[in-house]
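Following: one structure in structure tokens, then a few remarks.
The values are calculated or read from the model by the stated rules, or taken from the named source; none is laboratory data. Values in this document were obtained by computation on a predicted structure and should not be read as measured data. Every residue, glycine as well, gets a Cβ built from its backbone with ideal geometry; the counts of neighbours run over all protein chains shown.
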Amino acid sequence: MASAKLTKRIAVALIAALTVLAGCGTNSTGSQSGGDSGSGSQSSAQTATPQPTAAPAASGGKNIPDGPEGKYDPPIHVTSVRGVTPGIEYLPDQTIENNVWTREFESELGIKLDYEWVVYNDQYNNKINVTMVSGDMPDFFLVNMQQFQTLAQAGQLADLTDLFEKYASPLVKEIFAENNAIRYKAGTVNGRLLGLAYNGGSLDDAHLLYIREDWMKKLGRTAPRTIDELVDLAIAFAKEDPDSNGIDDTYGLLINKELFGGFASIDGFVNGFGGYAYNPAGGSGTNLIFLKDQNGQAIWGDVQPEVKQALGKLAEMFKAGAIHPEFSVMDASRAAEMLTSHKVGMTFGAFWVPTWPINNMHNENPEVDWDVYEIPTLTGEPGVVQSMGGTPNSFIVVPKSSEHPEAIIKILNYSTERISGSKKDVGKYHTMTVDGKDYGIHMLTPYYVATSEKNQNYHYQVLEAFKMGDPSGLDEEGRLYYDQLVAFAEGDRSQWVHHKLWNEGGVFEKLGRYKREGRILQSAYTGAPTPTMLSRGTALRDLQVRTFTEIIMGSKPLDAFDEFVQQWYDQGGRDILEEVNASGQVQ
Amino acid sequence: MTRKSWKLEIPLHIMILPGLVFVLIFSYGPMVGISIAFQHFMLGKGMFGSEWVGLDNFKYVYSLPDTFRVIRNTVVISVMKIAAGLIAPIVTALLLNEVRLRLFKRTVQTMIYLPHFLSWVILSGILMEVLSPTTGIVNDLLARLGFERIFFLGRKEWFPVVMVVTDVWKEFGFNTIVYLAALSGINPVLYEAAVVDGANRWKQTIHVTLPGMAPIIVLLATLSLGNVLNAGFDQIFNLYSPSVYETGDILDTYVYRLGLTNGQFGVATAVGLFKSVISLVLISLSYFLAYRFANYRIF
């Protein structure tokens, strides 16, 4: 009896399971074929009508409110996806999905914004690739240059030319027109605006050298001006027990396994030799720096003899124990831990290093202090640093399938106006300070733009006002930075970050000097990744990082570099250079 | 009679249905995607709109200088894993089988089974700490014993070894249980007869226990052969770094970097198809061998 009941129950359960599975099946195949037929009909629509945006614009046409910030009535529903910084901290009542921006988009613009998924930035690239392949794309999303090219070639992107003209606010248009309209041009394919540049125009990523000031003082040393002094100091940090704990557990210079990037990387060090090398992990071998030879032909920075020289010096430092023996397995976040656990005395990095990872070190222990220096060079003369930030390399795109392609432009208008425009409210939209802790509200909006020299200009204004003790000439955001400087001067250690950013001897003073003296070098090639970069980039990057790592660790002799150069040319490098030189985009 | 047995079997057929549907949806359905391997796959044009390029994707992979090194690494690591992964649990099961104290046996069984439930993401973090040459406990021990410190995860000669050892450590508890189950199925009468014939424990193991386990050993070995080209993506992806690519980079991690991060889906699918074909051949071959030499049939 009992077993009969059981069988019955199992049968019911099985049937239930079957229905669910069958449901799954129809669902998944349904959406897939739906996506395919959708794109199919779109491409046929494209061939039929010369104006690709006609269809979506018409369907939403009745409903688009005029003006940069006109409100949709009835409200519309817009989806996107999002990558966030791993260390991001939210106010109690704000999340990435629900914050002052999303609430106001809904109440003021009539746009209800939903994220289909949110991941950390390091996973974003892969996740968005999969999303793009699935064909089920959100209404707008962020892509890198290569993905932008792919989508544009596949005819997947909505034409934003007219929409931008019609709906973008004057401020947004002004920013897009800056620097020879580099933002607008970078997003334009065959004369049509298909992507909105997310970054670009900025040189702020040029490398600086960060040094543990307290360790340097303790060892009675001064900041290095030449590479030799840098090596000396690094070895001293490793060998002379700067933390006085009696254990040999400190290192001189921090490097992580990806070798290139904005932090714990070798870019700035190589620049000190007059070499220019760049091939970051996220770029999959397509984000490269090119130089020009005497004949005006593009050459690749990473294979030049100066780079070899720099690697030789790094190998020397590694052998002397000045570089962590495990750097080759350390990713950036583990490298950051080395800094915050007081194990390393120096790192090269971009202007944001004081905001992460060393932001809290001084606050936690007032004796700890980091200082910022220009890169040391071979001769001690001022060095020329590289910057890859000038050309935009990420874009906000809108797929043709979006019913409201203009919604992102409204979001852009709204956010830009409130972060750097006339409706600016720093405490509400930019940075909110609660219990002495700063929360970056501006990072919560999906998209805003700012003039590229914004931070640099604030540095000059704020520093001037701070020296005079008179903030009256500052606008609201400047006033915020001014107050932060004053607070630090009065002993509020939690404002150390701002002291390092804006004050004398801080990062923007050094960057300003690089810029004024024309000591920033940008890639000679400004175009999109070439076909060979796409097909060979990953393999070539593997080869490069492997060889460089082995040279630094001493498991291969320095002359392995020459072999690498030869292999690079043979395995696609020659084609890449040909394509770059033939592109007509070498400046 | 047949009618009656058919009726009796109906619940059994219903029970197999969900499995069948599952296989159809998740194993046979996606096979349509194999066509991507022969296309220059373009986003948006999709599987049905992309340009057909014949074997170009395969030629491209063939032309890459690292491909053969990667295949060699894959085979070396997975063959070592398969061999060690067979021997370790068999030996453990035999030893545990001889243990009289039930409490001890159960405790050991549970303890060695536990790592099976941990994901490689977590384990990789732990292993990096444990194996660190500067602060790791393993190297502290080595140093205390007078050996040199070894950079297990950063030296290319050590990396594959670490992969095999850690993988076996993680999984052997699970397989031990399978073998223990096989052991409990051996008829005690056989042991009694062996004792009557004057066999000691060792002889009993050789002549009764091992032959009793043979079918399950052959079965697991045969099934694992199909995995020769799966050297463990989760594990290696979380532990490797450029300095050990030479010996540690396997097909899956290679394709991940090549295909997924660069959006070359045609290439990734081509390698996937290549893997499947090789696996099919190997499984067929090992099945044939098992039938021929162990007279064992799965079907």
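Quick look at the values:
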read-out	value
Sole residue being assigned to a helix (DSSP H, G or I) and either buried (at least 18 other Cβ atoms within 10 Å of the Cβ) or in contact with a Leu (Cβ under 8 Å, 6 or more places away or on another chain) (or both), chosen from B:Val164, B:Val121	B:Val164
Subset of region A:114-147 that is within 11 Å of chain B (Cβ to nearest Cβ) and hydrophobic (A, V, I, L, M, F, W, C) - its residue that is nearest to A:Gly527 (Cα to Cα)	A:Val143
Flag for A:Pro325 being surrounded by fewer than 20 Cβ atoms within 10 Å (Cβ to Cβ), at pLDDT below 95, farther than 22 Å from A:Trp370 by Cβ and not hydroxyl-bearing (Ser, Thr, Tyr)	yes
The listed residue being assigned to a loop (DSSP other than H, G, I, E, B) and either facing another protein chain (nearest Cβ under 8 Å) or closer than 22 Å to B:Arg257 by Cα (or both), out of B:Pro18, B:Pro65	B:Pro65
Test: residue in region B:5-26 that is among the basic types (Lys, Arg) and exposed (fewer than 10 other Cβ atoms within 10 Å of the Cβ)	yes
Within region B:173-196, tally of residues that are modelled with pLDDT under 90 and of a type in the set (D, E, K, R)	0
Output for region B:133-178, where each listed residue is touching a residue at least 60 places away in the same chain (Cβ under 8 Å) and within 14 Å of chain A (Cβ to nearest Cβ)	B:Leu153, B:Gly154, B:Arg155, B:Lys156, B:Glu157, B:Phe159, B:Val162, B:Met163
Scope region A:233-264; condition within 33 Å of the chain's Cα centre (by Cα), under 22 Å from A:Thr379 (Cβ atoms) and either surrounded by fewer than 16 Cβ atoms within 10 Å (Cβ to Cβ) or of a type in the set (Gly, Ala, Ser) (or both); matching residues	A:Ala234, A:Gly252
Residue tally, condition surrounded by 15 or more Cβ atoms within 10 Å (Cβ to Cβ), within 12 Å of another protein chain (Cβ to nearest Cβ) and within 18 Å of A:Ala298 (Cα to Cα), over region A:541-570	1
Contacts under 8 angstrom Cβ, first residue in region A:73-95 being on the phi < 0 side of the Ramachandran plot, partner in a loop (DSSP other than H, G, I, E, B) and of a type in the set (Asp, Glu), 6 or more apart	A:Ile76/A:Glu403; A:Val78/A:Asp139; A:Thr79/A:Asp139; A:Ser80/A:Asp139
Criterion violated by A:Gln484 - all others in (1) buried (at least 18 other Cβ atoms within 10 Å of the Cβ); (2) touching a Lys or Arg at 6+ places or on another chain (Cβ under 7 Å) satisfied	(2)
Among residues of region A:272-287, those that are on the phi < 0 side of the Ramachandran plot and within 14 Å of chain B (Cβ to nearest Cβ), counted	7
Some residue of region A:284-295 being more than 26 Å from A:Asn121 (Cα to Cα), buried (at least 18 other Cβ atoms within 10 Å of the Cβ), assigned by TED's automatic domain parsing to the domain that holds A:Met216 and under 22 Å from the mean Cα position of the chain (by Cα)	yes
Test: residue in region A:249-269 that is within 14 Å of chain B (Cβ to nearest Cβ), in contact (Cβ under 8 Å) with a residue 40 or more places away in the chain and not in a loop (DSSP other than H, G, I, E, B)	yes
Matching residues in region A:431-452 - criterion: being touching a His at 6+ places or on another chain (Cβ under 8 Å) and buried (at least 20 other Cβ atoms within 10 Å of the Cβ)	A:Ile441, A:Tyr448
Flag if A:Ala177 is outside the structural domain of A:Thr286 (by TED's automatic domain parsing), surrounded by 21 or more Cβ atoms within 10 Å (Cβ to Cβ) and either more than 23 Å from the chain's Cα centre (by Cα) or within 24 Å of A:Gln587 (Cβ to Cβ) (or both)	no
Considering residues of region B:21-46 that are outside any helix (DSSP H, G or I), hydrophobic (A, V, I, L, M, F, W, C) and in contact (Cβ under 8 Å) with a residue 60 or more places away in the chain only, the residue farthest from the other protein chains (Cβ to nearest Cβ)	B:Phe41
Options B:Thr209, B:Thr247, B:Thr166; residue that is of a type in the set (Ser, Thr, Tyr) and under 12 Å from B:Ile90 (Cα atoms)	B:Thr209
Residue check, A:Lys423 surrounded by fewer than 21 Cβ atoms within 10 Å (Cβ to Cβ), outside the structural domain of A:Ile175 (by TED's automatic domain parsing) and not hydrophobic (A, V, I, L, M, F, W, C)	no
Selection from region A:328-352 of residues that are of a type in the set (Val, Ile, Thr) and modelled with pLDDT of 95 or more	A:Val344, A:Thr347
Yes/no for A:Leu521 being closer than 17 Å to B:Ser243 by Cα, touching a helix residue (DSSP H, G or I) at 6+ places or on another chain (Cβ under 9 Å), outside any helix (DSSP H, G or I) and in contact (Cβ under 8 Å) with a residue 60 or more places away in the chain	no
Strands (runs of 3 or more DSSP E) (entirely within region A:62-172) containing at least 1 residues that are more than 20 Å from A:Gly195 (Cα to Cα)	A:76-84, A:111-120
Qualifying residue in region A:469-492 (condition: over 17 Å from A:Met432 (Cα atoms), part of a loop (DSSP other than H, G, I, E, B), touching a residue at least 40 places away in the same chain (Cβ under 8 Å) and not assigned by TED's automatic domain parsing to the domain that holds A:Val100)	no
Odd one out for A:Ile299, checked against (1) crowded, with 20+ Cβ neighbours inside 10 Å; (2) modelled with pLDDT of 95 or more; (3) β-branched (Val, Ile, Thr)	(1)
Subset of region A:205-237 (residues that are assigned to a helix (DSSP H, G or I) and among the small types (Gly, Ala, Ser))	A:Ala234, A:Ala236
